[in-house]
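Worksheet for the structure shown next.
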Amino acid sequence: MNNSNSLLHTDTEKDQNFPLFSQIDSQHHEQIVICSEPESGLRAIIAIHDTTLGPALGGVRMWPYDNETDALKDVLRLSRAMTYKAAISGLNLGGGKSVIIGDPNTDQSEAMFRALGRYIEGLGGRYIATEDVGMSEQCMEWIYSETNYVTGIPEEIGGNGDPSPVTAYGVYMGMKACVKKTYGGDSLEGKRIAIQGAGNVASHLASRLQEEGAILYVSDLYPEKAKALAERTGAETVKSEEIYELDADIFSPCALGGIINDQTISQFKFDIIAGGANNVLLDEQRHGQSLSERGILYAPDYVINAGGLIHVAGEFAGYDSTRSYKKAAAIYDTVLSVLNRAEEENVPPLIASNAMAEERIKAVGGTGSMYLPGEGELERGR
């Protein structure tokens with residue numbers, strides 16, 4: 001037999017021959033769904049990372065990605081983070097995410113979102129969608145027209161509405177925990193806080209910080225949005241490219257991910273990074289370690305911004321605002337637990353939080369069961 005014609009290949013050869021599968025396998029995803037409907041303009045990717053603890057719940061994000069490679073990379077990272085977020089928050093949910101390639105300001109249509117809804121329906125409850133960047137309650141309502149596997153829909157049709165106030169509250173509580181760990185007390189009065197982004201989460205967060213007497217700085221890629229938020233909260237506006245070099249106590253990224261990288265870290269004068277954005281570390285291990293070496297305390301994003309997930313998950317049990325805010329308040333204790341473990345084990349906080357999440361998943365994983373919501377459990381009087 002001529003071994004040169006053998007079908008057996010080394011792992012390196014397999015990675016080269018199947019780069020897409022290698023990328024998916026590297027983060028241990030269960031399923032990737034490519035969604036395309038030219039008639040409506042839909043080009044989307046649904047990623048299901050892990051369903052050990054329950055169905056994969058995660059937001060639908062619409063963004064004008066430069067190419068499909070960037071979209072895939074984003075959805076893989078985001079869905080994985082949702083698994084960890086649910087696990088460390090004590091929720092019986094797995095991690096998933098979907099991204100739509102397109103400009104949310106010009107490309108949205110009812111036909112597009114109904115088409116995505118049909119893809120979600122076809123997954124039979126393995127993935128449950130909620131609102132994320134570039135989306136609105138109207139978009140979610142269109143998706144809901146085709147499937148029950150949606151949460152965070154408008155209150156008038158049986159949902160609990162916009163999750164951003166609860167997300168912001170959780171970030172606020174987590175930020176106070178970081179201040180407690182760094183300075184000894186958790187008051188934010190007089191603290192200089194730089195908020196990147198002026199969207200829904202950033203706006204609700206800024207209002208809470210203003211009420212406590214913090215000194216605020218706001219930037220956004222759209223200056224008019226930053227100006228409007230600054231006028232409402234007494235903040236000072238900062239050019240988007242100058243936010244990283246600001247002399248402030250706390251940096252709160254509340255926009256898109258990947259903004260903590262080699263270029264930006266070198267500019268940081270902050271003591272704390274605590275914000276609502278997902279995947280802010282461009283390279284989780286290297287940049288997480290770099291922050292620790294510079295003495296900058298970092299609250300892992302999926303830990304501190306879990307309030308939104310807590311909010312939409314509450315819809316399954318019948319939404320109760322008091323219960324959601326109470327559970328989001330516990331983010332304070334969770335963040336402290338992560339920071340204490342990181343200190344005890346002399347590792348970056350993200351390594352500590354990952355370990356805590358993985359321990360819960362592993363403890364449940366031996367059951368060999370996967371929860372799927374029954375048909376009636378997601379009915380809201382349709």
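The values are calculated or read from the model by the stated rules, or taken from the named source; none is laboratory data. What you see is a predicted model, and the numbers here were worked out from it, not measured in a lab. Reconstructed Cβ throughout: ideal geometry from the backbone, glycine too, with neighbour counts over all protein chains shown. For the accessible areas, the whole protein counts, side chains as well, though only heavy atoms, and no ligand, DNA or RNA atoms are used. Shrake-Rupley method; radii C 1.70, N 1.55, O 1.52, S 1.80 Å.
Excluding the sites themselves, what is the longest stretch of the chain that contains no GluC sites (Glu not before Pro) in a DSSP loop with at most 11 other C-beta atoms within 10 Å?
In the chain, the maximal stretch lacking such sites is 190-378.
For region 237-254, take each phi angle, set θ = phi - 60°, evaluate the Karplus expression 6.51 cos²θ - 1.76 cosθ + 1.60, and give the result in whole Hz per residue in order, putting x for glycine and proline.
Values, residue by residue: 7, 9, 4, 4, 7, 9, 5, 6, 9, 5, 8, 9, 7, 10, 10, 10, x, 10 Hz.
With a 1.4 Å probe and every protein chain left in place, work out the accessible area per residue of the chain in Å², rounded to a whole number.
In whole numbers, the chain has 44 Å² accessible per residue.
Among the DSSP beta bridges whose two residues both lie in the chain, what percent are antiparallel, rounded to the nearest 5?
Around 30 percent antiparallel, to the nearest 5.
Ignoring ligands, DNA and RNA, what percent of the 1.4 Å accessible area of region 185-256 is carbon and sulfur?
Ligands and nucleic acids excluded, carbon and sulfur reach 45 percent.
Please compute the Cα-Cα pair-distance distribution of region 202-259 with 10 Å bins starting at 0, giving whole percents from short to long.
23, 61, 16
How much mean residue ellipticity at 222 nm does the chain get from its helices, if each DSSP H run of length 4 or more adds -39500 (n - 2.57) and you divide by all residues, to the nearest 500 deg cm²/dmol?
Estimated from H runs of four or more residues: -13000 deg cm²/dmol.
Reachable lysines from residue 227, Cα under 28 Å, same-chain residues fewer than 8 places away excluded?
Within the straight-line limit of under 28 Å, residue 227 reaches these lysines: 176, 191, 239, 269.
Using Cα-only point scatterers and the Debye equation, what is log10 of I(q)/I(0) for region 135-232 at each q in 0.16, 0.17 Å⁻¹, rounded to two decimals?
For region 135-232 at q = 0.16, 0.17 Å⁻¹, log10 I(q)/I(0) is -0.76, -0.82.
List every DSSP H helix in the chain whose Cα atoms extend 20 Å or more along the helix's own long axis and whose mean Kyte-Doolittle hydropathy is at least -0.5.
Once both thresholds are applied, what remains is 68-88, 164-183, 331-345, 349-365.
Between beta-carbons, use under 9 Å as the cut-off and find the net charge around residue 95, counting Lys and Arg +1, Asp and Glu -1.
+2
May I ask you to work out the translational diffusion coefficient for region 289-364 at 25 °C, viscosity 0.890 mPa s, via Stokes-Einstein with Rh from the Kirkwood sum over Cα pairs, reported in whole µm²/s?
The calculation lands on 181 µm²/s.
Once you keep just the Cα pairs under 8 angstrom separated by 6 or more residues, what percentage relative contact order results for the chain?
After rounding, I find 16 percent.
For the chain, give the magnitude of the charge dipole about the Cα centre (Cβ charges: +1 Lys/Arg, -1 Asp/Glu; no others), in debye to the nearest 20.
Rounded to the nearest 20 debye, it is 700 debye.
5 Å is the cut-off here: which amide hydrogens, built 1.01 Å from N in the peptide plane, fall below it relative to residue 65, excluding neighbours closer than 5 in sequence?
102
In debye, nearest 20, what is the charge dipole magnitude of region 173-325 about its Cα centre with +1 on Lys and Arg Cβ and -1 on Asp and Glu Cβ, if you could check?
With Lys and Arg at +1 and Asp and Glu at -1, about 240 debye.
Principal axes first, then extents: for the Cα atoms of region 20-94, list largest minus smallest coordinate on each axis, whole Å, largest first.
40, 26, 17
Would you mind listing how long region 62-206 runs along its three principal axes, going by Cα atoms, in whole Å with the largest first?
52, 34, 33
Using +1 on the beta carbon of Lys and Arg, -1 on that of Asp and Glu, and nothing else charged, what's the dipole of region 274-338 about the Cα centre, debye to 20?
140 debye
Can you list the lysines whose alpha carbon is less than 25 Å from that of residue 362, not counting same-chain residues fewer than 8 positions off?
85, 97, 327
Over all pairs of distinct alpha carbons, what does the Kirkwood formula give as the hydrodynamic radius of the chain, in Å?
21.3 Å
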